[in-house]
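Chemist: The structure's right below; bear with me while I get my questions together.
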Amino acid sequence: MNNEEKVVNFLPNQYSSEKFFSINHNYLSDQFSDYDVIFNKIKKVIKNNDFTLGNDVDELEYEFSKLIGVKHAIGVGSGTDALFLSLKSLGVSEGDEVITTPFTFYATIGAIVTAGAKPVFVDIRDDFNIDPYKIEKSITPKTKAILPVHWSGKPCEMDVIQSISKKYNIPIIEDACHAILAKYKDRNAGNLGDVGCFSFHPLKNLNVWGDGGIITTNNTELSNKLKLIRNHGLSGRNTCEIFAYNSRLDTIQAVVARHMLSKIENISNRRINNAKYLDLGLSDITNLTLPKRDKNITQVYHLYMFECDSRDKLKEFLNINGIDGKVHYPVPMHLQPAAKIYNYKSGDFPVSENACSRVISLPVHEFISKENLDYMISKIREFYK
C-alpha cells in the first residue's frame with residue numbers, strides 16, 4: 001500500500017451484496033425480529049444511566065458461567081479482545097511464542113502478534129482443526145501458550161492437547177469464538193483449557209448488536225486479573241493496580257446477549273439438525289469430502305464446511321442460483337502479506353493450504369427451512385452431474 005491509497009470500509013458493500021441471495025449466511029433480520037422486547041430492556045439501562053459495566057454485564061457473566069460450567073466469566077469488548085486479554089493475563093509478551101493453527105480467522109493471529117508474541121503454526125487435520133500430534137515438536141523454551149481453534153464449532157482433540165499442556169506446564173487458551181455449546185466428551189468448549197474465548201459478533205451463533213466477547217475460566221486469580229486489565233487496571237475509582245486496557249463489554253450489548261442466551265439451545269439444535277440433513281443429502285457425491293463426524297464431539301456448526309472439486313466454479317454456480325456459498329478462507333494465515341516477516345512459504349502447511357483451495361461453506365443457521373436445504377442439495381447435485 002502506498003501513501004496515497006486509503007484503507008476503505010468494505011463491510012457496508014459486503015452486507016449490501018449479500019441481500020441478493022435468497023438463501024443467505026446473513027440472517028439478522030430474522031434473528032432480531034423481536035427487537036421491541038430488547039428495546040424495552042434497553043430503556044431500563046438508559047433510565048438508570050447504567051452504560052459501562054452495568055448490572056446486566058454482571059448478570060450475563062453469571063448466566064454464561066453457569067451455561068458453560070465454569071467458575072468465572074468476564075465480559076469484554078470483542079472476541080478478539082478476549083484472545084488478546086487472555087494472552088496478556090498469562091504473561092505473554094515480546095519475544096514469546098504461541099502455538100496455533102494457520103487455518104483460522106485473522107483475529108487469532110492478530111491477538112498473538114499484538115500481545116508481542118510470534119505465532120508458531122501447526123498444520124491441521126482433515127477436520128480443519130489443529131493436529132494435536134504435531135504440537136509437541138513445535139514447543140521451544142519460548143513457548144508461552146497453546147491456542148487451539150475450535151473451527152466451525154467443532155472442538156479440537158483436547159485430551160492430547162491437555163496432556164501436552166500438563167507435561168510442559170504450558171497454558172491452553174481456547175479460541176471458542178465459533179463454539180458456544182460445542183462439547184468435547186460432554187464438556188463444553190470454554191471449559192477445556194485455562195481460559196476460553198467467545199465472540200458475540202453479529203454473525204456468531206450467540207450474537208449482539210455490534211461487537212462483544214466473553215472469557216471463561218476456573219482460575220479465580222486469572223479472573224481477577226482479567227477484570228482488572230479490561231478496565232484500565234482499576235480496582236476502584238481512584239486506585240490503579242496495573243496500567244492496562246479498556247475492553248469493557250457495553251451494558252447494552254450485555255442486554256442483547258442475555259436475551260439471546262434464552263434462545264441458544266434452540267439455535268444450536270437447529271444448526272445441528274440442519275447439518276445432519278445436509279450430510280445425508282450430500283454424503284454420496286464423490287466430488288465432495290465431508291469432514292468426519294466424531295460421536296464424542298457435539299459440533300454446533302457456526303459454519304457448515306466441506307471440501308469439493310472445482311470449488312470456485314461451484315461457488316459461482318451457487319451464487320447465481322441464489323445460494324450464499326462462501327469461502328472461509330482462501331488464503332491461510334502463514335501466506336497472508338502480514339505474515340511475511342515470519343518467512344513461511346507455500347508448502348509449509350500442506351493440509352491447510354489444500355483446504356483453503358477446496359473448502360466452501362453453506363448457510364446452516366436456524367432460519368434455514370427444509371425447502372432451503374433441499375434446494376441447496378439439488379443445486380450441488382446438478383452442478384456435479
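Chemist: Quick one: which residue in I173, I215 is touching a residue at least 24 places away in the same chain (Cβ under 8 Å), in the same structural domain as S89 (by TED's automatic domain parsing), hydrophobic (A, V, I, L, M, F, W, C) and over 30 Å from Y15 (Cβ atoms)? Write out each step before concluding.
Modeler: Details: I215 fails: over 30 Å from Y15 (Cβ atoms).
Going through I173, I215 in turn, just one is touching a residue at least 24 places away in the same chain (Cβ under 8 Å), in the same structural domain as S89 (by TED's automatic domain parsing), hydrophobic (A, V, I, L, M, F, W, C) and over 30 Å from Y15 (Cβ atoms): I173.
Chemist: Which of (1) exposed (fewer than 14 other Cβ atoms within 10 Å of the Cβ); (2) at pLDDT 95 or above does L290 not meet, given it meets every other one?
Modeler: Result: L290 passes all but (1).
Chemist: Moving on to the next point. Can we say L203 is at pLDDT below 95 and either assigned to a loop (DSSP other than H, G, I, E, B) or out of contact with any Cys (no Cβ under 7 Å at 6 or more places or on another chain) (or both)?
Modeler: When the stated conditions are applied, L203 passes them.
Chemist: Go through (1) part of a loop (DSSP other than H, G, I, E, B); (2) in contact with a Ser or Thr (Cβ under 8 Å, 6 or more places away or on another chain) and name the single condition A107 misses.
Modeler: Single failed check for A107: (1).
Chemist: Can you name the residue in the stretch 359-378 that is small (G, A, S) and within 25 Å of the chain's Cα centre (by Cα) and is also surrounded by the fewest Cβ atoms within 10 Å (Cβ to Cβ) among such residues?
Modeler: S369
Chemist: Which of the residues belonging to the stretch 320-351 are within 24 Å of I377 (Cβ to Cβ), charged (D, E, K, R) and assigned to a loop (DSSP other than H, G, I, E, B)?
Modeler: D324
Chemist: Within the stretch 129-160, can you find the residues that are under 13 Å from D175 (Cβ atoms), in contact with a helix residue (DSSP H, G or I) (Cβ under 7 Å, 6 or more places away or on another chain) and in a loop (DSSP other than H, G, I, E, B)? Explain how you work it out, then say what you get.
Modeler: Initial filter on the stretch 129-160 (under 13 Å from D175 (Cβ atoms)): 129-130, 145-156, 158.
From what's left, in contact with a helix residue (DSSP H, G or I) (Cβ under 7 Å, 6 or more places away or on another chain): 129, 145-149, 156.
Listed by number, the residues that qualify are N129, L147, P148, C156.
Chemist: What tally of residues in the stretch 175-193 results from selecting those that are under 11 Å from L147 (Cβ atoms) and surrounded by fewer than 24 Cβ atoms within 10 Å (Cβ to Cβ)?
Modeler: Residues flagged as under 11 Å from L147 (Cβ atoms) and surrounded by fewer than 24 Cβ atoms within 10 Å (Cβ to Cβ) within the stretch 175-193 amount to 0.
Chemist: Separate question: From K142, K185, K167, grab the single residue that is touching a strand residue (DSSP E or B) at 6+ places or on another chain (Cβ under 7 Å) and either farther than 20 Å from Y329 by Cα or in contact (Cβ under 8 Å) with a residue 12 or more places away in the chain (or both).
Modeler: Unique residue meeting the criteria: K142.
Chemist: When the residues of the stretch 339-351 are filtered to those that are out of contact with any His (no Cβ under 8 Å at 6 or more places or on another chain) and touching a residue at least 60 places away in the same chain (Cβ under 8 Å), which remaining residue is surrounded by the fewest Cβ atoms within 10 Å (Cβ to Cβ)?
Modeler: The selected residue is P350.
Chemist: Another question about this same structure. How many of the residues in the stretch 60-90 are assigned to a helix (DSSP H, G or I), over 18 Å from the mean Cα position of the chain (by Cα) and closer than 28 Å to A117 by Cα?
Modeler: Number satisfying all stated conditions: 2.
Chemist: Sticking with this one: Consider only pairs whose beta carbons are under 9 Å apart and that are at least six residues apart or on different chains; among these, list those whose first residue lies in the stretch 20-35 and is in a loop (DSSP other than H, G, I, E, B) and whose second residue is of a type in the set (K, R).
Modeler: Listed by first residue and then by second, the contacts come to H25/K326; N26/K19.
Chemist: Still on this structure, please answer the following. Given (1) surrounded by 14 or more Cβ atoms within 10 Å (Cβ to Cβ); (2) assigned to a helix (DSSP H, G or I), identify the lone condition not met by N40.
Modeler: (1)
Chemist: Of everything in the stretch 79-103 that's surrounded by fewer than 23 Cβ atoms within 10 Å (Cβ to Cβ) and either among the small types (G, A, S) or without any contact (Cβ under 8 Å) to a residue 24 or more places away in the chain (or both), which residue is nearest to R230 (Cα to Cα)?
Modeler: The selected residue is G91.
Chemist: Return only the number of the condition from (1) crowded, with 16+ Cβ neighbours inside 10 Å; (2) at pLDDT 95 or above that N55 does not satisfy.
Modeler: So N55 meets the others, but not (1).
The values are calculated or read from the model by the stated rules, or taken from the named source; none is laboratory data. All values reported here derive from a predicted model rather than from experimental measurement. Heads up, the Cβs are rebuilt from the backbone with ideal geometry, glycines too, and the neighbour counts pull from every protein chain shown.
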